[in-house]
Amino acid sequence: MIATGGLSFYCGLGIILSTWDERKQRKLMEVTERTGRFMKQPHSRRIAIIALMLCMAFTLSGCKLISKDPAVEAKTVIAEVGGEPIVKGDLAGPYMMTLSQYAALYSMYGLSIDTSDEEFIKSVKESTLTGVTSQKVRAQQFAARGLTLTPEEEAQIETAADEAYESWIASYTTSLQQSNASLIESTARDQAIKELDAQGLTRDLMVESNRDGVISERLKDDVTKDVTISDEDVNAEADTRRAEQKTNYDENPASFGTDLMNGALVLYRPEGYRYVKNLLVGIPEEIQTEIDNINTELSNNDYNRYSLEQQRTSFGTLNEADEQTFNSLFAGLDETDAQLNAQLEEKLAQGKEQVKARAEEVLAKVQEDGADFDALMAEYGTDTGMQSEPYKTTGYPVSETTTSFVAEFKDAAMALAKPGDISGLVETDYGYHILQYASDIPAGDIPTSEVKDTLRAEILTTRKDELYNQAMQDWTNEANVKTYINRWN
């Protein structure tokens with residue numbers, strides 16, 4: 001498989017997440033609840049490439065990789081892998097990619113990152129350096145094992161790099177034109193290429209990224225080619241997981257629904273669950289977009305309040321003037337919250353008013369003798385979850401204990417008496433739902449025979465990952481990796 005998006009070594013983002021200010025991480029997760037759908041899941045936005053544009057602002061605000069003498073600074077050795085140097089000039093593009101991906105992660109939740117935060121910048125650099133040195137280790141091992149890329153693989157790498165680089169250019173070109181309406185497309189494109197290249201975000205970077213992805217897969221195949229999974233392995237793993245799930249789900253039944261919704265392999269089902277189908281007549285898209293934007297602003301305000309609370313705490317005992325300053329700032333946030341919540345209520349009411357008549361018409365169709373609920377759901381429903389498997393066939397798993405759905409949805413679903421029953425209109429902040437009690441979810445053990453192929457594949461993947469990760473660790477140790485991050489300023 002050829003990577004066509006970000007750099008293959010940017011698993012290093014996980015290092016940032018695990019090292020940079022755990023309190024900020026927790027707050028990031030807390031504010032996602034505002035952007036949930038009726039299933040309380042984060043509202044996904046397609047921002048992968050546009051996030052690169054954030055990087056441009058970062059470098060202008062002091063996030064510098066090259067000092068006043070770029071030619072000299074670019075040759076500064078920042079790391080050594082197996083005796084091969086990695087110089088500062090090699091890190092500009094990878095650094096910006098790491099930074100942009102982290103910005104994208106935050107942007108998904110309506111937040112921004114502080115590029116003046118020295119601790120954060122250090123974490124980004126450490127993550128970037130880990131990724132680049134790992135890439136160098138893989139390249140050295142690939143050559144040492146006598147492995148080579150085929151002409152077909154090289155062609156795929158080049159094609160994927162062209163597509164990814166063109167996406168960067170197109171995204172930045174659009175951004176430049178939006179900020180300066182007088183720029184014609186060709187001029188904006190030339191400027192985009194110049195600025196991307198100046199920051200190390202080049203086609204060559206994308207080529208190397210995709211090449212590393214192929215090398216990594218080939219190395220993994222070579223290292224793990226002899227790994228096999230026996231029937232005994234499958235049965236033992238099934239018994240272990242089933243016992244763990246029984247303990248977990250019986251104590252916390254809501255976790256079963258969460259695991260099922262997340263696609264986990266389930267070998268035990270607790271009591272009390274049913275499948276429920278959802279015909280949603282949703283708020284019009286244009287109004288929903290406005291609602292999402294308001295929720296994003298509310299999330300930003302939540303984070304601003306959290307940050308202000310942290311600053312207030314760090315000051316310790318305040319004098320009267322400082323106390324008044326903080327109180328004034330908090331009052332401003334409260335006023336903003338009140339204004340945004342009022343706007344939100346207005347938009348919700350407006351959206352629901354626009355679709356109520358249609359929802360009543362759909363309900364009448366559903367209640368007709370011989371009505372096909374699935375067909376009506378496909379024709380009139382706006383819940384995308386009901387348009388894809390497995391939920392299109394089964395419905396959503398719901399119980400009295402579930403925490404995956406808003407209360408109005410859950411209560412109406414559990415009020416249905418028997419399979420086949422259909423609700424009236426259920427109003428939530430997403431529009432009007434018509435629910436069908438699709439079927440019961442039988443409690444008890446799921447036989448291993450029903451899941452053995454899936455379980456075998458999961459065990460095989462896990463074993464291969466473990467073996468390859470250990471091999472990478474061994475190779476890294478053998479390469480005597482040295483880093484000099486203090487030289488990177």
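Among the conditions (1) surrounded by fewer than 17 Cβ atoms within 10 Å (Cβ to Cβ); (2) touching a helix residue (DSSP H, G or I) at 6+ places or on another chain (Cβ under 9 Å), the only one that TYR437 does not satisfy is (1).
For SER388, state whether it is out of contact with any Cys (no Cβ under 7 Å at 6 or more places or on another chain) and loosely packed, with under 13 Cβ neighbours inside 10 Å. Considered against the rule, which asks whether it is out of contact with any Cys (no Cβ under 7 Å at 6 or more places or on another chain) and loosely packed, with under 13 Cβ neighbours inside 10 Å, SER388 comes out as yes.
When the residues of the range 79-110 are filtered to those that are of a type in the set (Gly, Ala, Ser) and assigned to a loop (DSSP other than H, G, I, E, B), the one that is surrounded by the most Cβ atoms within 10 Å (Cβ to Cβ) is GLY110. Against the list (1) within 32 Å of the chain's Cα centre (by Cα); (2) surrounded by fewer than 18 Cβ atoms within 10 Å (Cβ to Cβ); (3) without any contact (Cβ under 8 Å) to a residue 40 or more places away in the chain, the condition GLU427 fails is (3).
If you go through the range 135-145 and keep only what is farther than 13 Å from GLU208 by Cα, polar (S, T, N, Q) and crowded, with 19+ Cβ neighbours inside 10 Å, you end up with just GLN141.
Has the range 145-152 got at least one residue that is under 27 Å from ILE193 (Cα atoms) and of a type in the set (A, V, I, L, M, F, W, C)?
As a first pass, look at the range 145-152 and keep what is under 27 Å from ILE193 (Cα atoms): none.
No - not one qualifying residue is present in the range 145-152.
Every test in (1) surrounded by fewer than 19 Cβ atoms within 10 Å (Cβ to Cβ); (2) in contact with a Phe, Trp or Tyr (Cβ under 8 Å, 6 or more places away or on another chain); (3) under 30 Å from THR224 (Cα atoms) is passed by GLU195 save one, and that test is (3). Could you give every pair whose Cβ atoms fall below 7 Å, whose first residue belongs to the range 147-168 and is in contact (Cβ under 8 Å) with a residue 12 or more places away in the chain, and whose second residue is surrounded by fewer than 19 Cβ atoms within 10 Å (Cβ to Cβ) and not in a loop (DSSP other than H, G, I, E, B), counting only separations of at least 6 or pairs across chains? Going by the 7 Å Cβ cut-off, the qualifying pairs are LEU147/ARG218; LEU147/ASP222; ILE157/VAL207; GLU158/VAL207; ALA161/ARG203; ALA161/VAL207; TYR165/ARG203. Out of THR148, THR128, one residue alone is crowded, with 19+ Cβ neighbours inside 10 Å and either over 30 Å from SER299 (Cα atoms) or touching a Gly at 6+ places or on another chain (Cβ under 8 Å) (or both). It is THR128. Here the range 330-388 is the region considered, the condition is being out of contact with any helix residue (DSSP H, G or I) (no Cβ under 7 Å at 6 or more places or on another chain) and β-branched (Val, Ile, Thr), and the residue that is modelled with the lowest pLDDT is THR384. Of the set (1) out of contact with any strand residue (DSSP E or B) (no Cβ under 7 Å at 6 or more places or on another chain); (2) modelled with pLDDT of 60 or more; (3) acidic (Asp, Glu), all apply to GLU33 but (2).
The values are calculated or read from the model by the stated rules, or taken from the named source; none is laboratory data. Computed from a predicted structure; not experimentally measured. Don't worry about glycine lacking a Cβ; one is built from the backbone with ideal geometry, like all the others, and counts go over all protein chains shown.
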